[in-house]
Structure formats: C-alpha cells, structure tokens
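Data first, discussion second: the structure below is written as structure tokens.
Every read-out reported here was derived from the displayed coordinates using simple, explicitly stated rules and does not represent laboratory data. Remember, predicted model here, so these are calculated numbers, not experimental data. Don't worry about glycine lacking a Cβ; one is built from the backbone with ideal geometry, like all the others, and counts go over all protein chains shown.
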Amino acid sequence: MTLKRVGALVCACAAVSACGRFGTAASAGPDLDRMVVISQQYNELIYALGAQAHLVGVDYSSTYPPEIKSVTTVGYHRALSAEGILSLKPTIVIHDNNIGPESVVRQLEQLKVPMKTFEAKDDSIDGLKALLREMGAFFHKETRAQELAATLDRDLAAARERAKAYRDHPRVAVIHFGRASNVYLLVAGKGGSGDGAAASQMLDWAGGEQAIQGNGMQRMTSPEIIAQANPDVILMTEFGFDRLGSLDQAKTLPGVAQTTAARTGRIYRVSEHELTYFNPETGKSVARLAELIHQSRP
Amino acid sequence: MSDPSGRARALILTALFAAMVVAAAASIRFGAIDFSLREMGSATLALLSGREPATLDGRIFAQLRLPRAVMCLLVGACLGVGGTLMQALFRNPIVEPGLVGTSSGAAFGSALYFVLGSVLKFSAGPWTLPIAACAGGVVATYLVFALARANDAGRSSIVMLLLTGLAVNALCLSGVGFLSYIARDPQARSIIFWNLGTMSGSDWPSVLIVGAATIGGIAIALRYAKPLNALMLGEEEASYLGVNVVRLKWAVLTINVVMVAVATAFTGVISFVGLIVPHILRILHGADNRYLIAGSALLGATLLSVADLVARVSLRPAELPIGIVTSIVGVPVFLYLLRQRQYVF
Amino acid sequence: MLTAEAIGYRVGRRTILEDVTAAFEPRRLHLVIGPNGAGKSTLVKLLARLVPPSHGRIRYGSTDATTLGHRELARRRAVLSQAVEVAFPIPARELVMMGRYPHFTGQPSPDDEAICDEMMRLLDVVALGEQPYATLSGGEKQRVNFARVLAQIWRPVDADGRYLFLDEPLTFLDIQHQLRFMQLVRGFADQDDVVVVGVVHDLNLAARFADRVILLDAGAVAVIGTPDEVLTPEHLRNAFHVRPTVVTNPATGGRHLIFD
C-alpha cells in the first residue's frame, strides 16, 4: 500500500516537474525517501551511521552487516539493469562508480534519476574518515559520524600501542578468494591504493611483516612464490577457508604445504571485512590481528 | 499452394508468427516492472508524436523496455537466420553463426576495450564498445577468409574455412583469456558478463542500426534460399544446377558477418540460438531453405524474446545474463523434439 | 553437337588430359571407357564445364562454352554423378524439383511440377516422393537423381541443343535397374537435339548400348569409333592389359566380351 502511494507521489512529482510550470525544485536537499545503494563499502557505512531506514535496494556484494540481507538485491554490481533498479521506485541511486554495464549509468541519467557518488574514498584511514564525514553530512547523521571516527582513532591508537609490545614481527601472507569468482589471490606488499594496500597497512600496524613483496593483489601463478616466501603465518579470508573446510585442508594447498606456517599450524581464518578494506571497525580488527599473528600455537 | 507440403509449411510459419507476436507482447508488458495497458498506450503515443512520456514509468517504457523488446526480436531473428545460413553453407548442422571468427573476434575487441580502453586514445563515447566489438568481429572474419583462400576454386575451401575458423577462434579466445588475466577485477567481470550476453543496453539508436543490418541481411538472404538448397547436394552438383558457388559462398558469408558482427557488438555473445533454431525447424518440416530462413527469423525472435523475459523476471529486480537463459530455454525444447521425430542425417 | 578442340587439363605439373579432340553428335549415345586414371571423369567434367580446360575450346552447338553463364549452361546441360549425399532431411520430390531450379525463379510453375511428376513416374520413384532422401537405398537415390537430371533438360531451351553427361552412374543399381536405366538413356538420346556422353566401367554395357565408344588411355584418346571398331581384343589389351574373348550375343547379335 505504502509502495503504491509513494509510487504515485513520485510519479505525480515527476509529472508536475515535467510540466515545468513550477520552475526549479523548491527543496535544496536530495530526496532520501527510497534509496538504492550499489556499493559494498557505502552500505556498510550507512548501517554504521544508522541511516538504513530508507534503504530499498542494494547490490549482491553488499553482505555486511548481516541485517542487510533482508533488503532486496538488484543484482551483481557489474551486471545490473536500469529497469531492475527503477522497479524499486528509488528516489535516489547511490553508487561508487563501479557499476556495469556502462549503459546502465547512461540510461539512469537519461531518465533523470537522481544519482550520487561520494567524493571521498576509503583507501586510507584518512580517506575513510573523510567519507564518514561526507556521508554523515549527506544523511544528516553528523553526530554519529563523528562518534565513529573518534572510536576508530581511539581503537586504532590503542591497537598499535599494544602491538608495539610484541617483540617479534612474524612474516604474514594473506590469501584472499574473491567472492563471485574462484580466483585465488595473494595480497602482496605496498600497493598504490586499494587492492591490498589496506591489508598491508593493517598488518604493519599489527606488528607483522608482509611476506610477499609486490604491488597490490597478485594472482597466484605459481605455488613456488608462496613456498619461497615461506611466511610464518598465513591469513585466509573466510570465503576461501570455508570452502576448504578446515585447517588441515588449507595446509594442502599447493605451495602452502611447504611453508613454516603450515608446519606450525599457523593458518588462520579472517573475514574479508576485517582485513581487506578500511571500515569503522578497523581499529578493533587491528587489535585482533595482532593477537592472532603473534600467538605461537592455534 | 495445393500440395500438402506447402500447406504444412504455411501453417508452421503462421504459427511461428503468432508465437512471435505473443512473445513480443509479453516481453513488452512484463519484467522488473509490469506495465499497465494504459501506461503502455500513452507512452507509445507520446513516443510516436515525438514527445517525452509524462510519467517516469512511461519514460522507462519508451526508452528502456520498448527498444529492448524490439532488439530481442531483431537479434533473435539475426542469430536464427545466421545459423541457418552457416549450416547450409557448411552443409553441417553443428555450425553456429559466429563460427568463422565473428563471435570470438568481437569478444576480443570488447575485451581490448574493457582492459586497455583507457590506455588507447581512441574514444567515441558510448559507441566505443560496439565499434570495438564490431571491428574485432569483422577483422577476425576477414583473417579467416584471407587465410582460407589457399584453395579458392577447389572443393576443399569450405573445409578450409571451417578449420581456419576454428584456429582463429582459438586465437581470439586465448587473447580474451590473456586480457582477463591481466585485467583488474571490475574489468575482468565486464569481460565475463559481456560474453554471457545482455540486452540491457538497448536504446533506439542501436535498435535502428541492428535493425538495418538484420532486416537488410534477411531480405537478401531470402534470395539465396534456392541456391542454398541446391548447395545441399554438394558444390559440384550445385554448380551443375546453375549456381555460381563461389559467389554464393562469399555473399552468404558476408551477409552473415555483417548481421552477426553488428548484433554481437551491441548485445555481447549470445550463443546457442543460432545453433538450435534451424535444428528445431528442420525437425518440424525438413530443410528447404525457403522455409528455413523465414522460419528461423521468426523462431529466433520468439526464442530470444522469451529468454529475455525469463532473464528479467526470474530473479527480479536482478537479471540473469541472457546467454545462460538461451541455453536453459532452448535445450529442453530441442531434446523433446528430437525424441518425437526421427531426425535423419 | 558438342565439340572438344584440343582440350587438355593440367594440375600443377601433372597432365591429366592431353589434347583431346572429339565431336559428339546428337542422336548418338557416346560412352567413354578406359582404365583407372585414364582421365575419363576429368574429360566429362571438362565437357560439362565444371572446370575450364587448361587449354583448348569446347563448343555447345555453335556457342563457345566460355561465353555461357552458370544459369544458361544449367538450362541446357545436366550431369548425373556417381553418388550424391545430403546431410539434411529433404524429401525426394524436392530433390527432383531441384532439377528445374535453372528454369524458374521463386516458385515452380505448373509445368515444372508436371515435369517432375513425369520424371518420377519414368524412374519408378513416385512412392518415395515424401521420404527423406537420406533414408533411401543407394539404388533409389540414384534413380531420384536421374529423375532430377532428366527434369533439368527435359524441355529444349533453344537451338543449341541439350547435353546429358553421365559420370559412372550405374553404381548401386541392381541389374534390372541398370538395364532399364540404359534403355531410358537410349530413349532420351533418341532426339535430334540431344547429345549424351557417359562414362561406364562395364565394357559389355558399352558394347550393348553405345553408338560410339571413346577409349581413353593415359590422358589421351586411344580410339574413337563404333563398339565393333573399338572393342577389339587388340585395343582392349593395350589399354587394360587383359585379353578378352569376343563372342556374339545370341539375343542381340552384337558383340559380347568375356574376360578370364
């Protein structure tokens, strides 16, 4: 019922504005009544900010926090359709410029659907905080945004302090299985922005050392790379670990079996969420990471 | 037509036409949004008189749904006829319209665009991808023609084309594989989904282009129906029956390339339609190309419309890639028919 | 009249036919015989204009064959080959109708239909009309093809004559149909504007039915003449390296060859 009423209202407004008799729109702010948000990062922050009440559609890859699964999904973010998005009657479509196919964006623009992309990117802690500020302002949740940023700073500082107490710097390799494919990725050293930079940075703060040198994500071309690097600890993101099933299975991966990590049983499951990108809980994640990689037995 | 064969043929073609109309109507009406008749009517009127429809739904209908439905008909017809033409030309029922390099070349062209598009300076806005794909398809096909020309007047040239086509396909697809490998994640995804096909990018300008290529191609193809029939007896016999086999070959291949390259450029690779549509028709009423060409246009259009409808509705508001659906929709029908009639080779 | 003036055929460095000159008159059944590899099939293909000769000229009546387009040629000359295989399901009758393709665009006329009906009656394949060609036996297929070939040149098109070529067409036919077939060919050849040239393996068939026999050996004409003139033990031994015994066929009074 509400759907129809809102839909009728939207159509009426659209019709009225199409008539052009009322000049420019009276209100300055965007209409957030029905939001479709296509970005894993944005959606997580929206829930953190408590702005999810009007969320009507998300993309398939937005899976955090667990409550988000009750929201309708419009499809995989690289295989969308304008009509699908519009069938939810959104008043605004928010995305992070990672939408495919390209025609979808054009079609939405052509139909004059309000769209929004935030300027800041969460490719660093500062970037994340800037994004929080921007989104806080956009959703009128400025206070909450400030709280999140403050908590993040506090937790992170604390975690780094505690990490300094450890005397060893274990060499860590991160194995990341992508979600919608079976590509077996190795996170390598200091990449530029994104694609592994977050993990490397967090490892650094947690008092660990990157075992694999290189830029960004690497497709594991040869098991020899990881065997040669011989990490002390291996962190595996949940998707891949769960598919393998157990530590013993993980030890059998090619190249992994020969490493110190495998021999000492120091292969741990981490969630994508706490390692591969910056989010408000990164401070807590770094603390847990530090504990994880410094323990000598599982 | 007084003969029973002619009557059966007319009946089947009429039934196919009716099926196409029904499929098109459903395709227009249903989807992520189910339009009301009134909405469709007023939006169509607005479109025809050059105005923009008043409501957002109306605009969605006129700018997204309607061109997409028309595109399904056109591309379906194009692939169906392409399959018929190629199978007739190669005298082999396991041939797809994109066989002589067209599909794989287009895949390579599009992969090149996805992965290296920002690096290479060439850009034509929204036309860049279709141009890259079309160019890829045409160049790959030309490569096949040129390489196979070793034995032009000889009987083995059709076999040469087949084998050269396979080789060039392998080359192009490994090129796509390599580009996928070096691509960043979003680009690799784009490649994957392009190769599964999608009708979602359909707009009126692309419909016009595909329409011109497809309708023109089919009209010309119909004129080659009789020579293609004669070709069934073999190149030598066809020659004795007055067919200029060399000219027939190049004409049919060119029609096919133009139609398929243009269609693939806008919708990605949609496989299986061109393969099974002629089969189904042959099982129903034999292999006379005068019937097959017309029938495969109608059946192809129907099949693709139904497939697109399923793609849009089964997971709505999300969409399935249409290549997956064409296989799932086509195979059971095909197997059913195969069991019903004796299919002779 | 079909004339071949010093035609030859070379593939790469191999000479398959060398300077064949012959005249083929109407109302006469010409049969070409010779050992394997003599170039018989090639000769027929050249005469039928499937491929152009490497040198020399062929005339259909007064017209140089090179001036004729594909379709014009098809309206006056037909070729029956050894075996025709079809990969797709097509009814036998449609195959016969293909013989009329050079004569109509679009749909066949009632005359075309009538000709097809009559040819199928002549060749005793009416009952097979709706069956897919691929399901027929070898002999049935051959009869269907002959119906098609005859349909192609059943009606004269102009004064330059009609030409029927037969490239070893009796394979797969049982003896009853072989004889019937040859009789049909004889009957068809019995028209003022029809030239028939065929290749056969069976020398006794040549003896029985041919008006003229051309013995081809190693790409050149060894002998041309009547069966009696050509089918002598001398000539046959030179070409085939077997010496036949010649007897008189009690039924026809003609020549019959026995090989040991």
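Show me B:162-175, B:220-233, B:63-76 ranked by packing, highest mean number of other Cβ atoms within 10 Å first.
So the peptides B:162-175, B:220-233, B:63-76, ranked by packing, come out B:63-76, B:220-233, B:162-175.
When a footprinting reagent is the concern and you count Cβ atoms within 10 Å, what order do B:I328, C:I90 take, fewest first?
B:I328, C:I90
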Note on the range C:2-258: contact order normalised by length, alpha-carbon pairs under 8 Å, 6 or more apart, percent, works out to 27 percent
Along the dipole axis of the range C:124-176 (charges at Cβ: +1 for Lys and Arg, -1 for Asp and Glu; origin at the Cα centre), the most positive-end residue among C:A134, C:Q152, C:L166 is C:Q152
Share of Cα-Cα pairs in the range B:1-144 beyond 18 Å, whole percent, is 72 percent
Out of B:T102, C:P102, C:L31 - ranked by how far each Cα lies towards the positive end of the dipole of the protein assembly as shown, with unit charges on the beta-carbon of charged residues - the top one is B:T102
Output for the range A:71-126: GluC sites (Glu not before Pro) sitting in coil per DSSP, at most 12 other Cβ within 10 Å, listed by number, reads A:E119
Dipole check, the protein assembly as shown, charges on Cβ (K,R +1; D,E -1), about Cα centroid: among C:V196, B:A8, B:A25 the Cα furthest to the positive pole belongs to B:A25
Toy charge model, Lys and Arg Cβ at +1, Asp and Glu Cβ at -1: chain B dipole around Cα centroid in debye, rounded to 20, equals 220 debye
Which of B:A238, B:A77, B:A140 fluctuates most in a GNM of chain B (C-alpha springs under 10 Å)? That residue is B:A238
When B:S180, C:S54, B:S36 are ranked with the fewest other C-beta atoms within 10 Å first, the list becomes B:S36, C:S54, B:S180
Note on the protein assembly as shown: the mean projected area of its alpha-carbon convex hull, in nm², is 48.9 nm²
Rounded to the nearest 500, the 222 nm mean residue ellipticity computed for chain B from DSSP H runs (n ≥ 4, each -39500 (n - 2.57)) alone is -24500 deg cm²/dmol
One point scatterer per Cα, no solvent, Debye formula: log10 I(q)/I(0) for the range B:252-339 at q = 0.11, 0.12, 0.26 Å⁻¹ comes out as -0.34, -0.40, -1.34
Which of C:V194, C:V230, C:V144 fluctuates most in a GNM of chain C (C-alpha springs under 10 Å)? That residue is C:V230
If every Lys and Arg gets +1 and every Asp and Glu gets -1 at its Cβ, then about the Cα centre the protein assembly as shown yields a dipole, in debye to the nearest 20, of 500 debye
Looking only at aspartates and glutamates whose Cα falls under 15 Å of C:K40's and that sit 8 or more positions away or on another chain, we get C:E18, C:D19, C:D167, C:E168, C:D202, C:D217
Quotient of Cα radius of gyration and Kirkwood radius for the range B:1-76, i.e. Rg/Rh, equals 1.18
Total charge of the residues flanking C:Q131 in space, meaning their Cβ is under 12 Å from its Cβ, with Lys and Arg +1 and Asp and Glu -1, is -1
Within the under-11-Å Cβ sphere about B:Q87, not counting B:Q87, Lys/Arg +1 and Asp/Glu -1 give a net charge of +1
Check: C-alpha center the range C:82-121 vs C-alpha center the range B:44-102, spacing in Å is 36 Å
Per-residue ellipticity at 222 nm attributable to helices in chain C (runs of n ≥ 4 DSSP H, -39500 (n - 2.57) apiece, nearest 500 deg cm²/dmol) works out to -9000 deg cm²/dmol
Whole-Hz Karplus couplings 3J(HN,Hα) for the range C:158-163, θ = phi - 60° and coefficients 6.51, -1.76, 1.60, Gly and Pro as x, run 7, 7, 7, x, 10, 10
Once normalised by the length of the range B:142-239, the mean sequence separation of its alpha carbon contacts under 8 Å that are 6 or more apart gives a contact order in percent of 17 percent
Other residues with Cβ under 12 Å from the Cβ of B:I255 give, with Lys and Arg +1 and Asp and Glu -1, a net charge of +2
Restricting to Cα pairs under 8 Å and 6 or more apart, the percent relative contact order of chain B works out to 29 percent
Here the residues of the range C:183-218 lying in the modelled label zone of C:Q82, meaning backbone nitrogen under 14 Å from a point 7 Å along Cα-to-Cβ, are C:199-202
The answer for chymotrypsin sites (Phe, Trp or Tyr not before Pro) in the range A:58-126 that fall in a DSSP coil and have at most 12 neighbouring Cβ atoms within 10 Å is none
The lysines whose Cα lies under 29 Å from the Cα of C:K45, excluding any fewer than 8 residues away in the same chain, are B:K226, B:K249, C:K141
Violations at 31 Å Cα threshold for listed pairs A:K129/A:K164; A:K121/A:K164; A:K121/B:K121; A:K89/A:K284; A:K116/A:K164 -> A:K89/A:K284; A:K116/A:K164
Note, the range C:25-32: 3J(HN,Hα) by Karplus (6.51, -1.76, 1.60, θ = phi - 60°), whole Hz, Gly/Pro = x, goes 8, x, 6, 10, 8, 9, 10, 9
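What fraction of the Cα pairs in chain B, stated in percent, has a spacing above 24 angstrom?
Roughly 57 percent, rounded to a whole number.
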Magnitude of the Cβ-charge dipole (Lys and Arg +1, Asp and Glu -1) of the range C:2-258 about the Cα centre, nearest 20 debye, reported as 500 debye
Kirkwood radius from Cα pairs of the range C:194-252 plugged into Stokes-Einstein at 25 °C, 0.890 mPa s, gives D in µm²/s equal to 201 µm²/s
Projected convex hull area of chain C, Cα atoms, direction-averaged, in nm², equals 14.7 nm²
